[in-house]
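Read the structure below first, then the notes.
The values are calculated or read from the model by the stated rules, or taken from the named source; none is laboratory data. Since we're looking at a predicted model, the values are computed, not measured. Here the Cβ is made from the backbone with ideal geometry for all residues, glycine too, and neighbour counts use every protein chain on show.
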Amino acid sequence: MTDFFDINTVFFVLWGYNMSYLEFFGVVSGAVAVWLSARANVWSWPIGAASVVLFFFLFYQIQLYPDMFLQVFFFVTNLQGWWRWTHPKLGEETLQKELKISQTPPQQFILWSAGGLLATGLLGTFASNLHTLFPMVFSQPSSFPYLDSFTTTMSIVATFLMIQKRVECWYVWLLIDVVLTYVYWAKDVRFVAAEYFVFCFIALQGAWYWTREYRSYSGLAKHPPS
């Protein structure tokens, strides 16, 4: 069973690329979760929780430590998001008794973005020194410490926006996906890089679908169901 979580255990070879069990199943479950999120489907959360467990082990083995720590956060927030979407407060629910999509007030969005950039600098500095601070745990220097920290902190911002079903989360995810496509390609986890390239288009689809759904609420208010 431990071999399943080893990135060097080959599942199959595709065009000369050694695909591990860990990378393959992490990508597939993650892709399903993101696609469901773009459709505002609540099952995106439990499937996403399974995916982040696999990516935790993957990122540790390719020295993307901020990304590794982020998976712990993602696991907790996947459970939180599952609860939030299925237990909306009074007045926030759709006809299906799920949380409505909404928009973020501009000042709040700017504040969250500024906080993410500040946290990027702090986390990047910490990640740069992990191998000297804890050499027994992190034997190799962190790869792309500041770029990886940027995607980590902004992923936290995007996740909190998504938990609240805010349209703007998809624009933040789009920026993250573009950056991570490059990072994962450079780290030679090409299947993950390809997944995040596809995620760019799913983010655009999510932004379109959520915006359309959000605008439909005003139509329902004018013409309530009989």
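Contact map, segment 146-167: first residue under 17 Å from LEU204 (Cα atoms), second residue of a type in the set (Lys, Arg) and part of a loop (DSSP other than H, G, I, E, B), Cβ cut-off under 9 Å, separation 6 or more or different chains; pairs are LYS165/LYS100. Mind listing just one residue for me: the one in segment 174-212 that is charged (D, E, K, R) and at pLDDT below 90 and, of those, nearest to PHE144 (Cα to Cα)? Checking each candidate, the answer is LYS187.
If only residues of segment 149-173 that are farther than 30 Å from TYR217 by Cα and under 12 Å from the mean Cα position of the chain (by Cα) are counted, the one that is modelled with the lowest pLDDT is THR152.
With the structure loaded, tell me whether PHE59 is in a helix (DSSP H, G or I), aromatic (Phe, Trp, Tyr) and touching a Pro at 6+ places or on another chain (Cβ under 9 Å) or whether it fails that test. Criteria met by PHE59. Does TYR146 satisfy the criteria of being in a helix (DSSP H, G or I), among the hydroxyl-bearing types (Ser, Thr, Tyr) and at pLDDT 90 or above? Yes.
Of all residues assigned to segment 8-28, none qualifies as being at positive phi and in contact (Cβ under 8 Å) with a residue 60 or more places away in the chain. Could you list, in sequence order, the residues of segment 54-102 that are within 19 Å of the chain's Cα centre (by Cα), surrounded by fewer than 18 Cβ atoms within 10 Å (Cβ to Cβ) and of a type in the set (Val, Ile, Thr)? Correct list: VAL72, VAL76. The residue list PRO141, PRO88 contains one member that is in a loop (DSSP other than H, G, I, E, B), in contact (Cβ under 8 Å) with a residue 12 or more places away in the chain and more than 27 Å from THR181 (Cα to Cα), which is PRO88. The residues of segment 31-46 that are under 12 Å from the mean Cα position of the chain (by Cα) and not hydrophobic (A, V, I, L, M, F, W, C), listed by number, are SER37, SER44.
Yes or no, residue by residue, for (1) in a helix (DSSP H, G or I); (2) surrounded by 13 or more Cβ atoms within 10 Å (Cβ to Cβ); (3) touching a Ser or Thr at 6+ places or on another chain (Cβ under 9 Å); (4) touching a residue at least 24 places away in the same chain (Cβ under 8 Å):
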{"site": "THR104", "(1), (2), (3), (4)": "no, yes, no, yes"}
{"site": "PHE109", "(1), (2), (3), (4)": "yes, yes, no, yes"}
{"site": "TRP112", "(1), (2), (3), (4)": "yes, yes, yes, yes"}
{"site": "GLY115", "(1), (2), (3), (4)": "yes, yes, yes, yes"}
{"site": "THR120", "(1), (2), (3), (4)": "yes, yes, yes, yes"}
{"site": "LEU123", "(1), (2), (3), (4)": "yes, yes, yes, yes"}
{"site": "PHE126", "(1), (2), (3), (4)": "yes, yes, yes, no"}
{"site": "HIS131", "(1), (2), (3), (4)": "yes, yes, yes, no"}
{"site": "MET136", "(1), (2), (3), (4)": "no, no, no, no"}
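Applying the condition of being acidic (Asp, Glu) and surrounded by 13 or more Cβ atoms within 10 Å (Cβ to Cβ) to segment 1-30 and asking which residue is nearest to the chain's Cα centre (by Cα) yields GLU23.
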